[in-house]
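Asks: First the structure, which I've put down as structure tokens, then a few questions once you've had a look.
The values are calculated or read from the model by the stated rules, or taken from the named source; none is laboratory data. It should be emphasised that the depicted structure is a prediction, and the values quoted were computed from it without experimental measurement. FYI the Cβ positions are ideal-geometry reconstructions off the backbone, even for glycines, and counts take in every protein chain you see.
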Amino acid sequence: MRVYGIDVIKGSVRSRSRRPMYALVKIEDGKILSESEVTGFRLFRILSEERPDILAVDSLQEIAVDQHDLYAFLQSLPPAVRLVQVTGGERKETLGKVASRFNISFDRFNPYDEARTIARVAALGAGAEVIAFENTSDIVVSRHRSPGKGGWSQNRYVRKIHGAVQQKAREVEMALVAAGLHYHKKETRAFGGNSRVSFEVSAPRDQIPVSTFRGADVQVRISGKRLDRITFRPLSGKPRYLIVGIDPGTTTGIAALDLDGNLQFLSSSRQMAMSEVIEAIYKVGKPLIIASDVHEMPYSVEKIRRAFNAAAYTPRQDMSVETKLELTAPLPYQNDHERDALAAALEAFRSHRNKFQNLLRRVPPGYDLDEVRAGVVRGQALEQVLADIRGKERPRETEAPKIEIDAKRDERIRILDGTVKRLKGVVRELQEEVRKKDHEVIRLQSRIKRIRSREDQKMRREAELATRDAIIANLKKRLRREERTVQKLRKRMEKILVHEEASVDERMVPLKSLSSLTREGVKALSDELGIREGDILYVQRIDVWGRSAARELAQMGIDALVTRVHEYARIDPQLVAIFREAEVPLVNSDSAGIVMKGNIAYADRDRLDEAVRSWEEGQKEYRREKKEQLLEDIFREYRSERGKEMKKGG
């Protein structure tokens, strides 16, 4: 196989003043044929004359500015020459990383050394082929010159050109029929023959039996049908080897590393079947080692290992959480299952790392290191692995001997010619039938599209109506809730206005009436009129009260609480203590001169002020008694402690 590798020496395809100069290295069957410096024009001349199997580059940016320019470059290449990007396709790597996979070192500052490395790794199967055209080609046979404005020989001149186009088109058609290729022909009739004939052939450019041609009167152009976007096809179909760690259970964790220890895949999923685990791993590559984070490999992991015929790895003892955290610290993970799977894979790589590094020194350049590592892990000796890889190299193809056919037409050839003519007639009939079927299929497909479009519109309309109905129902519910809220607030506003109007009289003080000294009564008054700092409340019943309700009122900052009892003795002492402690006046209704008018209680302002002053005098006495009690307690405690010390001192 002949492979040409190129690398830019100077210049750039983006520059208009300095066009690129390339270092060109030619390799055939692993041997370097020549190394030279060429321009882009000279490179195309060499490719057209020598037609190598592969033209290898490390970056498409060195040969094309953009995708349009790349299409033009690939169109200009000979059909049999494949363009290969050795650094990969959609997912690129550096040239150094690709070369290290084959144990090849190079000077990245030397263009010839880079071109030599590019050609060598491409010959070993690295990289991806650039695909820009479909498996369909267009052949156009047309005039090579214009008939001109006219003259005495105008008609004869035009007839000659159009006749040449028609004759060349017939030759092209005969070549396509002889090659057995399916094609669709379109002719443009003109005076004396055809002005243009096009063939749409169901075959790639390298299988077209005719070549581009330019004559005096006629020209033949061959072009591939462009894909919507550039695609890449791996040059080698072999999957890469992996070290896979698996954490089984209700949630299965999977981690995959390449043989250099780089993370390639990390995932976890609940209720994952074994077939799904195998499929997920197979999409990433081929497991060489299946690892677990426990000493005794779980049965489900063992079954997966057997499915891939991979080597097993388990640690000497179950891995601790601290070890797992230390191993996985440089890498991101989502949960404990991914962490355990990743730790198992990293531990397996760490145990084989020294062996892999030793192989780097012992394996000569030009061998796929992953294949060598895989053979050694499976238990083969290094010499045996290298011999097996050398034995897999494809032998050189030998040219088939040319068979000379006698030019005399014998009876058998005559019979075969007749058969060919009959078969051509059958083929034409079948092609016509296929064309009719294609038209029928197109018609039915368009009808199906129209029906689907109507059904889709109907379904969308119904879905929109259902959505709107749901929104309307939800808004109605919200409207009813808001109306109830507005009604409650209106009633509350009316009561507040009545209470505020009652505050106009300077001699009488309106009080907010509390049904009972309980949390329910406090909440009802708060919802109805609200309880603010500085309010004076009137409680109608004091026989039933709640400690939490009393404390809550005291914390709200009310000025006083008026009760219906006549004497403090009838009030629970604990209630009095709570209000004394909070310093909130507790006044009886007789002292305040309470008068009920409807649902509003009124207190005489002067009598209320006098009752509050009386309570404050009692509050002073309460503070004095509390201080005396505190001092007495301190003195009693001191005497007790002093007595104990005297007894100890004896």
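Asks: Under the condition of being loosely packed, with under 14 Cβ neighbours inside 10 Å and under 14 Å from Arg205 (Cα atoms), which residue from the stretch 52-95 is modelled with the lowest pLDDT?
Replies: Ala80
Asks: Looking at the stretch 173-191, I want the residues that are within 13 Å of Val427 (Cα to Cα) and have a partner that is outside any loop (DSSP other than H, G, I, E, B) and β-branched (Val, Ile, Thr) with Cβ atoms under 6 Å, at least 6 apart or on another chain. Which pairs are those?
Replies: Leu181/Val201; Tyr183/Val201
Asks: Do you know which of the residues in the stretch 110-150 that are charged (D, E, K, R) and within 30 Å of Arg221 (Cβ to Cβ) is surrounded by the most Cβ atoms within 10 Å (Cβ to Cβ)?
Replies: Looking at the filtered set, the residue picked out is Arg143.
Asks: Filter the stretch 164-183 down to the residues that are part of a helix (DSSP H, G or I) and crowded, with 17+ Cβ neighbours inside 10 Å and list them by number.
Replies: Hits for the stretch 164-183 are Ala164, Val165, Gln166, Lys168, Ala169, Val172, Glu173, Leu176.
Asks: On to the next question. Could you please let me know if Val140 is aliphatic (A, V, I, L, M), under 31 Å from the mean Cα position of the chain (by Cα), modelled with pLDDT of 90 or more and on the phi < 0 side of the Ramachandran plot?
Replies: no
Asks: Another one. Return yes when Leu331 is under 22 Å from Ile290 (Cβ atoms), assigned to a loop (DSSP other than H, G, I, E, B) and not assigned by TED's automatic domain parsing to the domain that holds Lys31 and no when it is not.
Replies: yes
Asks: Within the stretch 213-225, which residues are surrounded by 16 or more Cβ atoms within 10 Å (Cβ to Cβ) and either assigned by TED's automatic domain parsing to the domain that holds Gln75 or closer than 12 Å to Phe199 by Cα (or both)?
Replies: Passing the criteria: Val220, Ile222, Gly224.
Asks: While we're looking at this one, here's another question. Looking only at the stretch 304-314, decide whether some residue is over 14 Å from Thr252 (Cα atoms) and touching a His at 6+ places or on another chain (Cβ under 6 Å).
Replies: The answer is yes; a qualifying residue exists.
Asks: Right, here's the next one. Can you pull out the residues in the stretch 6-53 that are within 41 Å of the chain's Cα centre (by Cα) and either polar (S, T, N, Q) or not assigned by TED's automatic domain parsing to the domain that holds Asn110 (or both)?
Replies: Hits for the stretch 6-53 are Ser12, Ser15.
Asks: Spot the failing condition for Phe41; the list is (1) surrounded by 20 or more Cβ atoms within 10 Å (Cβ to Cβ); (2) in a helix (DSSP H, G or I), and only one is missed.
Replies: Looking at each condition in turn, Phe41 falls short on (1).
Asks: To continue, here is another question. So which of Phe199, Phe265 ends up being touching a strand residue (DSSP E or B) at 6+ places or on another chain (Cβ under 9 Å), assigned by TED's automatic domain parsing to the domain that holds Pro332 and of a type in the set (Phe, Trp, Tyr)?
Replies: Among Phe199, Phe265, only Phe265 is touching a strand residue (DSSP E or B) at 6+ places or on another chain (Cβ under 9 Å), assigned by TED's automatic domain parsing to the domain that holds Pro332 and of a type in the set (Phe, Trp, Tyr).
Asks: Still on this structure: Could you give me the residue pairs with C-beta distances under 9 Å whose first residue belongs to the stretch 309-320 and is under 13 Å from Ala291 (Cβ atoms), whose second residue is in a loop (DSSP other than H, G, I, E, B) and basic (Lys, Arg) wherever it lies, and which are 6+ apart or on separate chains?
Replies: Between residues of the stretch 309-320 that are under 13 Å from Ala291 (Cβ atoms) and residues that are in a loop (DSSP other than H, G, I, E, B) and basic (Lys, Arg), the close pairs are Ala311/Arg378.
Asks: Here is a follow-up. Within the stretch 308-326, which residues are assigned to a helix (DSSP H, G or I) and out of contact with any Pro (no Cβ under 9 Å at 6 or more places or on another chain)?
Replies: Correct list: Val321, Glu322, Lys324, Leu325, Glu326.
Asks: Just one of (1) farther than 26 Å from Lys92 by Cα; (2) surrounded by fewer than 16 Cβ atoms within 10 Å (Cβ to Cβ) trips up Leu327, so point out which.
Replies: The single condition Leu327 does not satisfy is (2).
Asks: Next question, about the same structure. Yes or no: Asp58 within 36 Å of the chain's Cα centre (by Cα) and in contact (Cβ under 8 Å) with a residue 60 or more places away in the chain?
Replies: Considered against the rule, which asks whether it is within 36 Å of the chain's Cα centre (by Cα) and in contact (Cβ under 8 Å) with a residue 60 or more places away in the chain, Asp58 comes out as yes.
Asks: Still on this structure: Among what's in the stretch 260-289 and is among the aliphatic types (A, V, I, L, M) and in contact with a Phe, Trp or Tyr (Cβ under 7 Å, 6 or more places away or on another chain), pick the residue that is surrounded by the fewest Cβ atoms within 10 Å (Cβ to Cβ).
Replies: Across the stretch 260-289, the extreme among qualifying residues is Val284.
Asks: Which of the residues belonging to the stretch 343-370 are closer than 28 Å to Pro248 by Cα and either among the basic types (Lys, Arg) or in contact with a Gly (Cβ under 6 Å, 6 or more places away or on another chain) (or both)?
Replies: Matches in the stretch 343-370: Ala344, Ala345, Phe349, Arg350, Arg353.
Asks: Continuing with the same structure: Name the residue, out of Thr87, Thr39, that is among the polar types (S, T, N, Q), under 20 Å from Ile9 (Cβ atoms), in contact (Cβ under 8 Å) with a residue 12 or more places away in the chain and in contact with a strand residue (DSSP E or B) (Cβ under 7 Å, 6 or more places away or on another chain).
Replies: That would be Thr39, the only listed residue that is among the polar types (S, T, N, Q), under 20 Å from Ile9 (Cβ atoms), in contact (Cβ under 8 Å) with a residue 12 or more places away in the chain and in contact with a strand residue (DSSP E or B) (Cβ under 7 Å, 6 or more places away or on another chain).
Asks: What number of residues within the stretch 54-80 satisfy the criterion of being under 18 Å from Ile27 (Cα atoms) and in contact with an Asp or Glu (Cβ under 9 Å, 6 or more places away or on another chain)?
Replies: 4
Asks: Can you tell me which residue within the stretch 248-259, out of those that are farther than 13 Å from Gly285 by Cβ and over 23 Å from the mean Cα position of the chain (by Cα), is surrounded by the fewest Cβ atoms within 10 Å (Cβ to Cβ)?
Replies: Thr250
Asks: What are the residues in the stretch 88-127 that are in contact with a Leu (Cβ under 6 Å, 6 or more places away or on another chain) and not charged (D, E, K, R), if any?
Replies: Matches in the stretch 88-127: Phe102, Asn103, Gly125, Gly127.
Asks: Against the definition (outside the structural domain of Ile254 (by TED's automatic domain parsing) and either over 29 Å from Ser236 (Cα atoms) or of a type in the set (D, E, K, R) (or both)), how does Glu347 come out, yes or no?
Replies: No, not satisfied.
Asks: Does the stretch 299-311 contain any residue that is assigned by TED's automatic domain parsing to the domain that holds Gln357, within 16 Å of Ala343 (Cα to Cα) and in contact with a helix residue (DSSP H, G or I) (Cβ under 6 Å, 6 or more places away or on another chain)?
Replies: no
Asks: In addition: Kindly check whether there is at least one residue in the stretch 609-616 that is assigned by TED's automatic domain parsing to the domain that holds Leu537, at pLDDT 80 or above and of a type in the set (Phe, Trp, Tyr).
Replies: Within the stretch 609-616, one or more residues are assigned by TED's automatic domain parsing to the domain that holds Leu537, at pLDDT 80 or above and of a type in the set (Phe, Trp, Tyr).
Asks: If I filter the stretch 152-160 for residues that are not polar (S, T, N, Q) and not in a helix (DSSP H, G or I), do I get at least one hit?
Replies: Yes.
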